[in-house]
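Have a look at the structure below, then the notes.
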Amino acid sequence: MDFEFRSLFSGSTGNATLVRFKDTLLLVDAGRTGKMLEEAVCAQGYAMKDVRAILLTHEHIDHIKGVGVLARKYGMEVYASPGTWAGMEGKVGEIPAAQHCEFVPGQDFYIDRVDVLPFPIPHDAFEPTGYALECDGHKAGLLTDLGHATKETLSYLCGVEAMVLEANHDVQMLRDGAYPDRLKRRILSNKGHLSNVSSGEALCQLLNSSNPHVYLGHLSEENNVPELAYSTVAEILRDYGAKLGQDVKLHMTFPDHAAEAYIG
């Protein structure tokens with residue numbers, strides 16, 4: 001078991017994904033309390049002290065809530081773009097300088113033997129990123145919190161084996177819902193969130209390079225339901241000619257508990 005991919009939490013209440021390549025355990029985002037994240041990691045058979053580093057996608061609270069507590073308690077490195085570090089100021093408390101790690105989006109770096117490639121994404125944050133993580137022939141991807149998926153963005157995920165892909169909302173549910181118009185416009189904008197349809201269309205572009213396990217993530221609890229997200233993406237894939245379970249394996253994530261792990 002050289003590769004494990006585990007969505008611990010996914011949604012507007014908090015996001016965290018655990019990825020292991022051999023002996024290197026990484027946590028992507030820490031959007032729940034430190035205690036909840038400790039318990040979630042423990043439930044997967046690990047301890048938080050085993051986490052080598054935390055990678056952050058952006059500074060919104062549902063992605064960073066527990067990072068300060070965990071960094072101070074366990075001493076792991078925290079990686080984020082300069083803009084994300086600036087956006088976190090005052091939100092997570094002091095993180096020791098030795099653990100404060102910055103990168104340039106679009107340029108890869110290594111954590112142990114894991115090749116980490118953060119790439120820019122369009123979202124209403126200071127300097128948000130997605131991630132492609134690769135080691136010894138295994139590749140993981142994280143792509144949530146983006147208003148639209150360009151060919152360039154998706155190119156970073158070519159050959160991915162397992163990934164979280166945003167399927168935030170059903171457009172009609174959002175338009176008919178109780179959100180104020182300003183918030184609706186923000187979500188629907190090019191720097192908002194991917195809809196179920198946009199998620200399916202993006203996934204079709206990735207199938208030419210791999211047969212991935214895809215975890216549909218960051219579902220809105222007000223403007224989506226898991227069954228609708230799954231069926232919408234599945235229908236788009238079938239129309240594209242993809243065979244579910246063969247060309248692509250779809251999984252759901254959950255806001256309050258871990259999804260089924262992928263082990264490769």
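If a/c stays under 1.5 just call it rounded; otherwise compare a/b with b/c (prolate if a/b is bigger, oblate if not). Do that for region 51-168, with a ≥ b ≥ c from the square roots of the Cα gyration tensor eigenvalues.
Oblate shape, in that a/c is at least 1.5 and b/c is the bigger or equal ratio.
log₁₀ I(q)/I(0) of region 147-244 at q = 0.20, 0.21, 0.23 Å⁻¹, via Debye over equal Cα point scatterers, no solvent, to two decimals?
-0.97, -1.05, -1.20
Using the basic label-point model (7 angstrom from Cα toward the beta carbon), what is the R182 to E39 distance in nanometres?
About 3.5 nm, to one decimal.
Assign unit charges at the C-beta atoms only (+1 for Lys and Arg, -1 for Asp and Glu), then state the dipole size of region 188-263 relative to its Cα centre in Debye, rounded to the nearest 20.
280
Rounded to the nearest 0.05, what FRET efficiency do I61 and D239 give with R0 = 41 Å and r taken as the Cβ-Cβ distance? Could you check?
The value I calculate is 0.65.
What list of whole percents do you get for P(r) of region 105-200, with Cα-Cα distances grouped in 5 Å bins up to the one holding the largest distance?
Bin by bin from 0 Å, the calculated values are 3, 14, 22, 21, 15, 11, 7, 4, 2, 1.
Roughly speaking, what is the stretch gain from T13 to M173, that is 0.36 nm per residue apart minus the C-alpha to C-alpha distance, in nm to one decimal? Please list the in-between numbers first.
Details: separation 160, 0.36 × 160 = 57.60 nm, distance 1.92 nm.
Length gained, T13 through M173: 55.7 nm.
Shape of region 83-146 from its Cα gyration tensor (a ≥ b ≥ c, root eigenvalues): rounded if a/c is under 1.5, otherwise prolate when a/b > b/c, or oblate?
oblate
So if we plug the beta-carbon distance of K249 and A47 into 1/(1 + (r/R0)^6) with R0 = 41 Å, what FRET efficiency do we get, rounded to 0.05?
Numbers: r = 29 Å, r/R0 = 0.71.
My answer for the efficiency is 0.90.
Using the Kirkwood formula on the Cα atoms of region 18-62, what hydrodynamic radius do you get, in angstrom to one decimal?
When all Cα pairs of region 18-62 are included, the Kirkwood radius is 10.9 Å.
Highest GNM mean-square fluctuation, the chain, Cα pairs closer than 10 Å: which of C135, C42, C101?
In the Gaussian network model the winner is C42.
Would you check region 3-259 for Lys pairs whose C-alpha atoms are within less than 22 Å, ignoring same-chain pairs closer than 8 in sequence, and give me the count?
17
Would you work out which of G68, N196, F126 lies farthest towards the positive end of the dipole of the chain? Charges go on Cβ: Lys and Arg +1, Asp and Glu -1.
G68
Can you pull the three principal axis extents for the Cα set of region 12-116, in Å, largest first?
Result for region 12-116: principal-axis Cα extents of 34, 30, 26 Å.
Modelling each spin label as a point 7 Å along the Cα-to-Cβ direction, I'd like the S231/A86 distance in nm, to one decimal.
For S231 paired with A86, the spin-label model returns 4.5 nm.
Which residue fluctuates most in the GNM of the chain (Cα springs below 10 Å): V197, V92, V19?
Of V197, V92, V19, the most mobile in the Gaussian network model is V92.
Please work out how much length the chain gains when fully extended from D136 to E94, using 0.36 nm per residue of separation minus the C-alpha to C-alpha distance, in nm with one decimal.
11.6 nm
If the only charges are +1 at each Lys and Arg Cβ and -1 at each Asp and Glu Cβ, what is the size of the charge dipole of the chain around the Cα centre, to the nearest 20 debye?
Roughly 220 debye for the chain.
Among A178, A53, A202, determine the one that fluctuates most according to a GNM of the chain built with springs between C-alpha atoms less than 10 Å apart.
Looking only at A178, A53, A202, the biggest GNM fluctuation is shown by A178.
What GluC sites (Glu not before Pro) in region 44-152 are in a loop by DSSP, with at most 16 other Cβ atoms within 10 Å of the Cβ?
Here the GluC sites (Glu not before Pro) that fit, given the DSSP loop and packing criteria, are E89, E94.
Under Stokes-Einstein, with the Kirkwood radius over Cα pairs standing in for Rh, what whole-number D in µm²/s applies to the chain at 37 °C and 0.692 mPa s?
180
Since every read-out is calculated from the coordinates, none of them should be taken as a lab result. It should be emphasised that the depicted structure is a prediction, and the values quoted were computed from it without experimental measurement. Here the Cβ is made from the backbone with ideal geometry for all residues, glycine too, and neighbour counts use every protein chain on show.
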